[in-house]
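These notes concern the structure reproduced below.
The values are calculated or read from the model by the stated rules, or taken from the named source; none is laboratory data. Note that this is a predicted model, so its numbers are computed, not measured. FYI the Cβ positions are ideal-geometry reconstructions off the backbone, even for glycines, and counts take in every protein chain you see. Side chains are part of the model used for accessible areas, which takes the heavy atoms of the whole protein and leaves out ligands, DNA and RNA. Shrake-Rupley method; radii C 1.70, N 1.55, O 1.52, S 1.80 Å.
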Amino acid sequence: MKFNDTWYVIEKNKRLEVVSQADYESMDPESFVMIQLFDSKREAKSEVIRLIREQGKEALEKIIELEKTKSHSIK
């Protein structure tokens, strides 16, 4: 892996981002959480998309569960 060509998936301000090695090095280490690193920007973006889809599924499941409990508590 060439670190100059490395891309990072980070979480910053409760959002997922893809950043280059140069951007990563210039960031304040306390301002983000590094999730994973990749050999290409394409791979990093694919992972962000996968993670967002997973978060969406989890949120939908929570909403469905809340709706079920809500309809039961009204009766």
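Solvent exposure of the chain, expressed per residue, is 83 Å² of accessible area, with all protein chains present and a 1.4 angstrom probe. Each Cα pair under 8 Å and six or more residues apart adds its sequence gap; the mean of these over the residue count of the chain is a relative contact order of 30 percent.
Taking a straight line from the alpha carbon of Lys45, these aspartates and glutamates sit under 15 Å away, with near neighbours fewer than eight places off in the same chain left out: Asp5, Glu11, Glu17, Glu54.
Bridgeable aspartates and glutamates around Lys57 (alpha carbons under 18 Å apart, same-chain partners fewer than 8 residues away excluded): Glu47, Glu65, Glu67. Between Lys57 and Glu11, the FRET efficiency from the beta-carbon distance, with R0 = 22 Å, is close to 0.75.
So what is log10(I(q)/I(0)) for the range 1-43 at q = 0.21, 0.24 1/Å, when the Debye sum runs over its Cα atoms only? Normalising to I(0) and taking log10 leaves -0.60, -0.77.
Principal axis extents of the C-alpha atoms in the range 25-70 (largest first, rounded to whole Å): 48, 26, 10. For the chain, the mean residue ellipticity at 222 nm estimated from helices alone is -18500 deg cm²/dmol, where every DSSP H run of n ≥ 4 contributes -39500 (n - 2.57) and the total is divided by all residues, rounded to the nearest 500.
Ligands, DNA and RNA left out, the 1.4 Å accessible surface of the chain is 52% carbon and sulfur atoms.
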